[in-house]
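K.L.:
Dropping the structure in here first, questions after.
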Amino acid sequence: MTPPFADFSTLELTAQGYRHTFVDQGQGAAVLLVHGSLCDWRYWRWQIPAFATQYRVLAPSLRSYWPGAPSPGHFSTAQHAQDLQALLDQHIPGEKVHIVGHSRGGHVALLLAQRMPEQVASLTLADPGFPTPDAYSYAPLFQQVAERLEQGDRDGAMALFVDTVNGSGTWKQMTRWFREMIQDNAHTMLDQQQEPNLGPSLEWLKQLDAPLSFITGENSPTRYHHCMDIIRQHRREDQLHRIPLAAHGMNLANPKAFNQAVLTALQT
């Protein structure tokens, strides 16, 4: 049986003093895919080849995520945004880029766009997730996950997180490659628990001269709709796409619909 990622080749580049691994596939305008918690570039396995027929797709693994080395003391959404800006400056200097971020990657995408607004061709956020000082706070979940990890219950910790963000029973239904990816990145949960519990500044979005699109699964948890509502206080989206038969992991549950939604957003 052919390994699930045999058709993908990766590059390595040192930026901000860290060796980053990323996929660079296709030609045309650049599209940067920013993964969320417990994931890495493999999360985009159904998106990379689909988008690469029309665009140049860049799909990095963020600092500390597989296959990169742990980076104690340097794990935060702000650090990841700095890393991505440095990677882009070295790899495609001066080029405009379409930024697509999922979940925590949506927070990173917002911070990245804030750092380089003149280079943003479009900003697409799929169920963006960031800290909020209310009932939708992630803090209790991270605490419970960290406790299970410290007790040696890695599988239980991952099941708790995945089921909470995507829906009860999700972990048991996941394919082998997805479980392996999550397990490869389990250590980042302890880092994520320690990162600053701060949401993004959003005032700058009013001046962003680029389309903003939201994508959500029809069954996505309310916490992500709450984050989108917070963003709407500063900037209304140009497009909103709802992916049928999908929850938070919409790009995997219904890749055909998700891919079409992203391509539509990119062509706004």
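K.L.:
Can you figure out the FRET efficiency of ALA29 with TRP177, using R₀ = 25 Å and their beta-carbon distance, to the nearest 0.05?
P.N.:
The calculated FRET efficiency here is 0.30.
K.L.:
Could you work out the relative contact order of the chain, using alpha carbon pairs under 8 angstrom and six or more residues apart, expressed as a whole percent?
P.N.:
So the answer I get is 18 percent.
K.L.:
Also, quick follow-up: Can you give the extra length, in nm with one decimal, that the chain gains between GLN54 and ARG232 once fully stretched, where that is 0.36 nm per residue apart less the Cα-Cα distance?
P.N.:
Residue separation times 0.36 nm, minus the Cα-Cα distance, leaves 61.1 nm.
K.L.:
Further question on the same structure: Where does the chain land at 222 nm, in deg cm²/dmol rounded to the nearest 500, when only DSSP H runs of n ≥ 4 count, each adding -39500 (n - 2.57), divided by all residues?
P.N.:
Value at 222 nm, helices only, nearest 500: -11000 deg cm²/dmol.
K.L.:
Something else: Work out which GluC sites (Glu not before Pro) in the chain are exposed loop sites (DSSP not H, G, I, E or B, at most 15 other Cβ within 10 Å) and give the longest gap free of them.
P.N.:
In short, 96-217.
K.L.:
Could you list the residues of the range 18-43 with an amide nitrogen less than 17 Å from a label point located 7 Å from the Cα of MET116 in the Cα-to-C-beta direction?
P.N.:
18-25, 28-35
K.L.:
How high is the relative contact order of the range 112-268, in percent, counting Cα pairs under 8 Å that sit 6 or more residues apart?
P.N.:
30
K.L.:
Only one of the listed values, (i) 1.60; (ii) 0.97; (iii) 0.93, was derived from the coordinates as Cα Rg over 2.2 N^0.38 Å; which label is it?
P.N.:
(iii)
K.L.:
Kindly state, to the nearest 0.05, the FRET efficiency for LEU240 paired with ASP153, given R0 = 35 Å and r defined as their beta-carbon distance.
P.N.:
0.35
K.L.:
Now for a different question. Working out 0.36 nm times the residue gap between TRP204 and PHE8, then minus their Cα-Cα distance, what length gain in nm do you get to one decimal?
P.N.:
66.9 nm
K.L.:
For a quick check: with amide H placed at 1.01 Å from N, whose amide H comes under 5 Å from ALA15's, ignoring anything fewer than 5 positions away on the same chain?
P.N.:
Amide H to amide H, under 5 Å and 5 or more residues apart or across chains, ALA15 pairs with HIS20.
Values in this text are rule-based calculations from the coordinates and carry no lab data. Quantities reported herein were computed from a predicted structural model and do not represent experimental measurements. No Cβ is skipped: glycine too gets one built from the backbone with ideal geometry, and neighbour counts run over all protein chains shown.
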